[in-house]
Each structure stands twice: as C-alpha cells, then as structure tokens.
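Remarks on the structure that follows.
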Amino acid sequence: MPINLTINGKPVQAREGQTVLEVCWENHISLPTLCHHPDLTPVGACRLCVVEVEKMRGLIASCTLPATEGMVVRTETPKVVEERKFILEMLLTDHPNDCMTCESNGDCELQNAVYQYQVPWPEHKGARHNYPAGADPNPFVFTDFNKCILCTRCVRACAEIQGRNVWGVAFRGFNDRIVAGADVTMLEAGCESCGACAAYCPTGALTDKPSRGQARSYQMKKVTTTCVYCGVGCQFDLNVRSGRVVKVTSNPKAPVNGMALCVKGRYGYEFIHHPDRLTKPLVKKDGAFVETTWEEALSLIGKKFAQVKKENGADAFATLASAKATNEENYLIQKFTRVVMGTNNVDHCARL
Ligand code: FES
C-alpha cells in the first residue's frame, strides 16, 4: 500500500520502509547530506538533512525518518536553512581553510554544501585539531583527519561493504576521532587497501595516495571500463588527463560491483603507462633482443610454431592466455590453439 504524504505542499507517495530523504530524492526534491550515502546504513550523524514536519517537535533528520501516512514535510523553511548554516559553520570552525591546495577541491561534499548555503568562513578563536597529515603509512590511502567531519561513512563502508571493520570512532567529545583498529596503522588493523573508505569520504580526509596532485577533478575525463585483473568483471571509471590514466574512481552504476573495488582494480593501473611495457615487437638476434616490425615478428612466430608442431607433435605446444586481454582475444587464443595447433593445452593466468 502506498503511503501518502505532502512535501513542500506537493502530494507524493512513498513505499513502505522508505525514509523521508529517499522520498524527497526520488521526487527530485533536493536535500543536502553529508553522512548519508545510499549504499550505507543511515546514522543521522551530521543533521544537514533536517526538515520540518508538522506535529513533530524540533527539526528532524530526514535520512533516518520513516515516511508515514499523512506526514506534512517542509524541506527548505527559514528555520531549516538557519540550522543547516549553523551546522556548516560549526564544521568550518574545525576545518583547515586550504581548499585551494586540497586534493578534494571541486569534489568535496562539504565544500558544495558550504557554497550552496553561502556560509562565510567563521571567526573562530577556539580550539582546532592539528593531526599530522599523511600519518598513516598505508601505500594507497592518504589520511588527513584535520578534514574529517566524523560522518562515519568510512567506518560503515569498511564494515558494510568490505567487511573488514578497520575503522572505528574512538575517544569522546572534542577528542572524538576516527581510528584504525585500536588506534594502530590501517595495515595493522587488517586493511586490504581496497580504498572504499576514500571512495565514500565526502571531504579530503581520506584520499587516494597514488593520484594525489595529479589533476583536479574537472581536468580529468572519466572513461568507464571493465577491470582486466580477474573474471568478476567489475567496472570503474578511468580518470584520464592528457591521454594518461591518473586515477581510478568507483562508478556507482557498475552493475557487478557498485562502488566496491579491490586493491588491484582501484590502484593497480600503473602498468598502463609503465616504461617497461613492450610497445614494439622484439626478436632475438645473436643472443640479444632487438626491435623489429610486426611483419617480421609474426612471420618468425608462424615458422617456429609450425616447426615445433612438425618436430614434436601438437601437444608440445601450449598457450597461456592473459586476463589483460579482452574476452574476444582470449576466445581467439583458445580457438587458434585447438584448431590451428591441434592441442587442448590452453590455460589462463586468472585461474592461478
Ligand atoms: Fe541525514 Fe547526515 S545526512 S543526518
């Protein structure tokens, strides 16, 4: 049975179990959020999504508020806007004012909300945190907890998506902070370096280390592709600047994996432009490899294959296919091995 409610004077319908935030978004009513992410359990931590609801006291976080029959909701009243500005101002009192050099500039949800509500940089003479940036030695995730807003998206992503439970919240009050394990390094706490925490972080607190300083988000073109490492078929976006892949980011619409990626898929892209990668065929002449043309290389390979088959039989031959080749190329390899060479000795590196 659909649930009928009114949002900003407009009658809308909700499904059983939907929150007011979900109903708003589904009906193209924008509501700002920081701690919320559709993949993660809502916790109502940041209060940015507050709304006014008739017959309810105070302002209510819409991300944890179930839609109920007859509800009358207002999402952008002066009281709501004032509250959101206050929350953002409070966050800024303990946030570094370094957007110009921040890795997440242009891709930061806090920055977007501050811009949307035109919150000025606050006069603040009170305490600020001063954590050492980059303190965690993890080779793939850069930590800067001065930029953390304690939304706990990293905590939930690690626990709910990756199932590693590396991150947690420790200490109390102003000393509240995100820690790995019992305040140890990420790797000591069992991190697999999948980068999910960085992918879900709404600010610059957790970012991808290998791509730091490589490009602003607007300088990169996103190209959706399928991972070449294994047969799962995860998809992600290659972030390309001037013809070079400088970063991999999750694509929430990836049908197999959503935002989730493993360490190889997210960070193992260095091979693409690695100088050791062969771009021209080499043949051995007088004991040393020398560059040659494709024509010469292919005709030499053809002759050698035929010679092996003639002298030792078809089963002296085998092919080992590569996960970095496409399905079509791998199909051709096995077809060639069976039909041309006459053997079933076909294997694939992803089976190891
Ligand atoms: Fe609802 Fe943070 S988005 S409380």
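The values are calculated or read from the model by the stated rules, or taken from the named source; none is laboratory data. Keep in mind it's a predicted model, so treat the numbers as computed, not measured. As a convention, Cβ positions derive from the backbone with ideal geometry for all residues, glycine included, and neighbour counts pool all protein chains shown. Quick note on the areas: whole protein, heavy atoms, side chains included, nothing else; ligands and nucleic acids left out. Shrake-Rupley method; radii C 1.70, N 1.55, O 1.52, S 1.80 Å.
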Residue pairs qualifying under the 7 Å Cβ cut-off, at least six apart or on distinct chains, with the first in region 30-45 being in contact (Cβ under 8 Å) with a residue 40 or more places away in the chain and over 22 Å from A254 (Cα atoms) and the second being near the ligand (Cβ under 8 Å from one of its atoms) and of a type outside the set (A, V, I, L, M, F, W, C), are L31/S62
Taking region 160-176, which residues are assigned to a loop (DSSP other than H, G, I, E, B) and either among the hydrophobic types (A, V, I, L, M, F, W, C) or open to solvent by 50 Å² or more (accessible area, probe 1.4 Å) (or both)? R164, N165, V166, F171, R172
Of the residues that make up region 341-351, is at least one assigned to a helix (DSSP H, G or I), touching a residue at least 60 places away in the same chain (Cβ under 8 Å) and within 28 Å of the chain's Cα centre (by Cα)? yes
Within region 98-116, residues touching a residue at least 60 places away in the same chain (Cβ under 8 Å) and of a type outside the set (S, T, N, Q) come out as C102, E103, G106, D107, C108, E109, L110, A113
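Quick check: is even one residue across region 59-69 part of a helix (DSSP H, G or I), buried (at least 18 other Cβ atoms within 10 Å of the Cβ), within 24 Å of the chain's Cα centre (by Cα) and within 11 Å of the ligand (Cβ to nearest atom)?
Within region 59-69, the first condition is being part of a helix (DSSP H, G or I), and the residues that meet it are 62-64.
Now drop any that are not buried (at least 18 other Cβ atoms within 10 Å of the Cβ), which leaves 62-63.
Still in the running and within 24 Å of the chain's Cα centre (by Cα): 63.
Narrowing further to those that are within 11 Å of the ligand (Cβ to nearest atom): 63.
Yes: region 59-69 contains one or more residues that are part of a helix (DSSP H, G or I), buried (at least 18 other Cβ atoms within 10 Å of the Cβ), within 24 Å of the chain's Cα centre (by Cα) and within 11 Å of the ligand (Cβ to nearest atom).
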Given the conditions (1) more than 16 Å from the ligand (Cβ to nearest atom); (2) in contact with an Asp or Glu (Cβ under 9 Å, 6 or more places away or on another chain), every one holds for K125 apart from (2)
So, K303, is that one in a helix (DSSP H, G or I), surrounded by fewer than 12 Cβ atoms within 10 Å (Cβ to Cβ) and more than 28 Å from the chain's Cα centre (by Cα) or not? yes
Conditions first: (1) open to solvent by less than 70 Å² (accessible area, probe 1.4 Å); (2) assigned to a strand (DSSP E or B); (3) away from the ligand (no atom under 14 Å from the Cβ). I29 passes all but one, so which condition is the exception? (2)
